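**Student:** The structure is given below, and queries will be raised subsequently.
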Amino acid sequence: MSKPAGSDPRKQAAAEAASALIQDGMIVGLGSGSTATLAVQALGRRVSQGLRFTGIPTSESTAHLARSLSIPLSDLQQHSRIAVTIDGADEVEAGSLDLIKGLGGALLREKLVAAATDRLIIVVDESKLVTRLASDRRPLPVEVVVFGWHTTADRLKALGADWTLRTQDDGRPFVTDGGNFILDCRFETVPPAIDLQRRLDETIGVVEHGLFLGMTSQVIIGGTDGVRVLRREN
């Protein structure tokens, strides 16, 4: 099983380093997105060499990939605790290791898996490191119920969000695996992440959002100078 042609060598290096941490018998959360996909592919190569573990996928696309690599799968109903989850991120705040996730559209399942995980390992390339969440060029994804979504969008606007309904290539709204819409939000003035999390959690119509605060155990970063690891200070 060869490495993906044309993959970013920085992402590939981070993904390989993360996959090397998985041991026989583990219950492993399998993330979504480009770098997490590389990690799943790396785990598939290890499975072909004899590694045995059970994966909990965070999206239908990840589940499909894992099955194609002969990775045994289960779910949170069968395994309520997960030893390790390997996932990507759209932003990583360098000081806190807090995250923004969800540009791939799987943030609800990703957060459910992360919340059930003893050790959340994030794999990224160095471009994803930021000094402050949601203040850079990337939006904050907010998953909302389809019913009355315009009213939910109005409530988000009142919080200071300039939102855009995520669409597919054909112009139709993007629908998550859970059957919801995603509003990609940008803020001219970004409140502290913990305050923004609280306000979003309290907003009627919001199913979940892409702020993953206090959940990360370590971040494996692929850069031009090789791989480095950041760990949360307890």
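**Student:** Restricting attention to the range 112-127, does a residue exist that is buried (at least 21 other Cβ atoms within 10 Å of the Cβ) and either free of Cβ contacts under 8 Å to residues at least 24 places away in the same chain or among the small types (Gly, Ala, Ser) (or both)?
**Tutor:** Yes, the range 112-127 contains at least one residue that is buried (at least 21 other Cβ atoms within 10 Å of the Cβ) and either free of Cβ contacts under 8 Å to residues at least 24 places away in the same chain or among the small types (Gly, Ala, Ser) (or both).
**Student:** What number of residues within the range 55-81 are within 19 Å of Gln23 (Cα to Cα), within 17 Å of the chain's Cα centre (by Cα) and small (Gly, Ala, Ser)?
**Tutor:** Summing the residues that are within 19 Å of Gln23 (Cα to Cα), within 17 Å of the chain's Cα centre (by Cα) and small (Gly, Ala, Ser) in the range 55-81 gives 2.
**Student:** Something else: Pick from Ser34, Ser61: which is surrounded by fewer than 22 Cβ atoms within 10 Å (Cβ to Cβ), touching a helix residue (DSSP H, G or I) at 6+ places or on another chain (Cβ under 9 Å), in contact (Cβ under 8 Å) with a residue 24 or more places away in the chain and more than 18 Å from Ile122 (Cα to Cα)?
**Tutor:** Going through Ser34, Ser61 in turn, the sole match is Ser61.
**Student:** If you don't mind, another one. Got a sec? Which strands (runs of 3 or more DSSP E) wholly within the range 36-122 have at least 1 residues that are under 24 Å from Gly179 (Cβ atoms)?
**Tutor:** Fully inside the range 36-122 and qualifying: 54-57, 82-87.
**Student:** Looking at (1) closer than 30 Å to Asp225 by Cα; (2) free of Cβ contacts under 8 Å to residues at least 24 places away in the same chain; (3) among the acidic types (Asp, Glu), find the lone condition where Asp90 falls short.
**Tutor:** Answer for Asp90: the failing condition is (2).
**Student:** Ok, one more. Read through the list (1) under 13 Å from Ala106 (Cβ atoms); (2) modelled with pLDDT of 95 or more; (3) part of a loop (DSSP other than H, G, I, E, B), then give the number of the only condition that Ser32 fails.
**Tutor:** Of everything listed in (1) under 13 Å from Ala106 (Cβ atoms); (2) modelled with pLDDT of 95 or more; (3) part of a loop (DSSP other than H, G, I, E, B), Ser32 misses just condition (2).
Okay, residues lined up against (1) farther than 22 Å from Gln218 by Cβ; (2) outside the structural domain of Pro192 (by TED's automatic domain parsing); (3) out of contact with any strand residue (DSSP E or B) (no Cβ under 8 Å at 6 or more places or on another chain):
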site	(1), (2), (3)
Ile22	no, yes, no
Val28	no, yes, no
Thr37	no, yes, yes
Leu73	yes, yes, no
Gly104	no, yes, yes
Glu110	no, yes, no
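**Student:** Can you list residue pairs whose Cβ atoms sit under 9 Å apart, with the first residue in the range 168-190 being touching a residue at least 12 places away in the same chain (Cβ under 8 Å) and surrounded by 15 or more Cβ atoms within 10 Å (Cβ to Cβ) and the second being in a strand (DSSP E or B) and small (Gly, Ala, Ser)? Count only pairs 6 or more apart in sequence or on different chains.
**Tutor:** These pairs meet every condition: Leu183/Ala161; Cys185/Ala161; Arg186/Ala161; Phe187/Ala161.
**Student:** Let me ask something else. Is there a residue in the range 153-160 that is outside any loop (DSSP other than H, G, I, E, B), touching a residue at least 12 places away in the same chain (Cβ under 8 Å) and of a type in the set (Lys, Arg)?
**Tutor:** The answer is yes, given that some residue of the range 153-160 is outside any loop (DSSP other than H, G, I, E, B), touching a residue at least 12 places away in the same chain (Cβ under 8 Å) and of a type in the set (Lys, Arg).
**Student:** Further question: Within the range 192-231, which residues are in contact (Cβ under 8 Å) with a residue 24 or more places away in the chain and under 25 Å from His150 (Cβ atoms)?
**Tutor:** Across the range 192-231, the qualifying residues are Leu196, Arg199, Leu200, Thr203, Ile204, Gly205, Val206, Val207, Glu208, His209, Gly210, Leu211.
**Student:** Okay, moving on. Out of all the residues in the range 136-158, which are modelled with pLDDT under 95 and out of contact with any strand residue (DSSP E or B) (no Cβ under 8 Å at 6 or more places or on another chain)?
**Tutor:** Across the range 136-158, the qualifying residue is only Arg137.
The values are calculated or read from the model by the stated rules, or taken from the named source; none is laboratory data. Note that the coordinates shown come from a computational prediction; the quantities given were computed from them, not determined experimentally. When we count neighbours, we look across all protein chains shown, and the Cβ atoms used for this are built from the backbone with ideal geometry, even at glycine.
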